[in-house]
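The block underneath contains the structure these notes are about, expressed in structure tokens.
Just so it is clear, none of the values below were taken in a lab; they were calculated from the coordinates. Small disclaimer: the values here were computed from a predicted structure and weren't measured. Please note: Cβ atoms are built from the backbone with ideal geometry, for glycine as well, and neighbour counts cover all protein chains shown.
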Amino acid sequence: MEAVNFSLNFTLVELKRVNMPAVVANAMSTFREGNEESQPRNSQPLEYSGSLDSYSHNDLTPAIGTEYKGLQVADILELEQCDQLINDLAVTISRRGVVFLRDQDLTPQQMQAFGEKLSAVAGCPESSGIHVHPLTEDGSELGDQISVISSEKQKKGGGLTHQLSDTSRFASVGWHSDISFEPVPSDYAMLRIHTLPETGGDTLWASGYEVYDRLSPEVAGFLEGLTATHDAKFFHDEARRLGNPLRKGIRGSPLNQGEELEAVHPVIRTNPVTGWKSVYVNRGFTKRINGVTKDESDLLLQYLFNLVTQNHDAQVRFKWNRNDMAIWDNRSTWHCATYDYVEARAGDRVCSLGEAPYLDPQSKSRRRDLGEI
Ligand SMILES: O=C(O)CCC(=O)C(=O)O
Ligand SMILES: [Fe+2]
């Protein structure tokens, strides 16, 4: 059995930055993982300018989640200072993990335009666009880049909870970060629920920054040298069950194609918008921590998943009203739907792609950066 390396002497995967000044290229060379064809455009965290301060808002918990009232995304798209507002929204979403915008009057197409703009303003690589889910049907009603979240599909065995499979019946089985099985996964995702039951169907989010801050420096340092394999091979079964062929072409980035549905990412990643470290493994897609034994991997993953599900002070639970929209940063949060209702529940969803995940060992813990520890 190979000894587990608890020291900080990890092999660095060197990143070469194309067309970057030498000083930045040197700084980038210490990054772990990442991909030179899919790097963030900003080399420093983004700054908040204060343009959203005049909108009524409140933090739903200290760790995660901010709600805005009276802010209409469709209006922002038309304003002269659109880019500044979207910059501040990106910073707020990335810092707070998830933002809730009540009662949004916008079409799925406006949602898509907004998703593209948000991701670009936040510095996604040129090669990243809106994701096309591998299960999206060809010729879908709203186009390839808008997914429909629907309880009817779920009943046919769709989604992460595989209701037709012999799987755990713990509600917490559904915690995930969107599409982490792609080499270039999501930066932001947004969901607007337009059809909902009288009660039930809440969604929960948890903070990857806060979970990172629950680790001792020793264990955090150890995990910072590791990668994990994320895998969505179960989508092959699901595609068969739903009778749709899997999408094997480009799914929003030239790096996301084919039928492998598997990717290797650092266990701890840096969010380029905040510069903060986050735990990046999830119950839905992460199957294996690499370079350790299977037993060690199972133990480590279970521990990290427990930190997500058992720390309700790292979570926020959102109760939807009709046409509310949530926008979250998939690099630094997990989320979990609640299937406690029988009526119909449906909404539209857009998921943009960010950078290939990387770890900048110089990046900070959220609490340390905020002066809380
Ligand atoms: O239905 C929900 O509440 C969440 C669905 C989901 O996981 C997503 O939109 O990414
Ligand atoms: Fe999701």
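Of T274, T107, T199, the sequence from fewest to most neighbouring Cβ atoms within 10 angstrom is T199, T107, T274. One compactness figure for the chain is 0.94, namely its Cα radius of gyration divided by 2.2 N^0.38 Å. In terms of other Cβ atoms within 10 Å, F305, F234, F285 run from fewest to most in the order F234, F305, F285. Calculated FRET efficiency, T293 and H194, Cβ-Cβ r, R0 41 Å, to nearest 0.05? Plugging the Cβ-Cβ distance into 1/(1 + (r/R0)^6) gives 0.30.
The lysines within cross-link reach of K319, meaning a Cα-to-Cα straight distance under 26 Å and a gap of 8 or more places when in the same chain, are K69, K153, K155, K156. Which lysines does K277 reach when only Cα atoms under 26 Å apart count, and residues fewer than 8 places away in its own chain are ignored? Hits, sequence-local ones excluded: K16, K117, K287, K294, K364.
Karplus-derived 3J(HN,Hα) values for region 344-355, using 6.51 cos²θ - 1.76 cosθ + 1.60 with θ = phi - 60°, are 6, 9, 8, x, 10, 9, 10, 10, 9, 9, x, 9 Hz; glycine and proline are entered as x. Simple spin-label estimate for E259 and Y55 gives 4.3 nm between the two label positions (7 Å along the Cα-to-Cβ direction from each Cα). Here the calculated FRET efficiency for E126 and K233, from their Cβ-Cβ distance with R0 = 25 Å, stands at 0.25, rounded to the nearest 0.05. The average projected area of region 79-217, computed from the convex hull of its Cα atoms over all directions, is 11.6 nm².
Simple spin-label estimate for E36 and L77 gives 3.8 nm between the two label positions (7 Å along the Cα-to-Cβ direction from each Cα). Computed over region 281-368, the range of Cα coordinates on each principal axis works out to 45, 30, 26 Å, biggest value leading. Qualifying GluC sites (Glu not before Pro) in region 224-320, where qualification requires a DSSP coil assignment and no more than 14 other C-beta atoms within 10 Å, comprise E259, E260. When only the Cβ of Lys, Arg, Asp and Glu is charged (+1, +1, -1, -1), the dipole of the chain relative to its Cα centre reaches about 540 debye.
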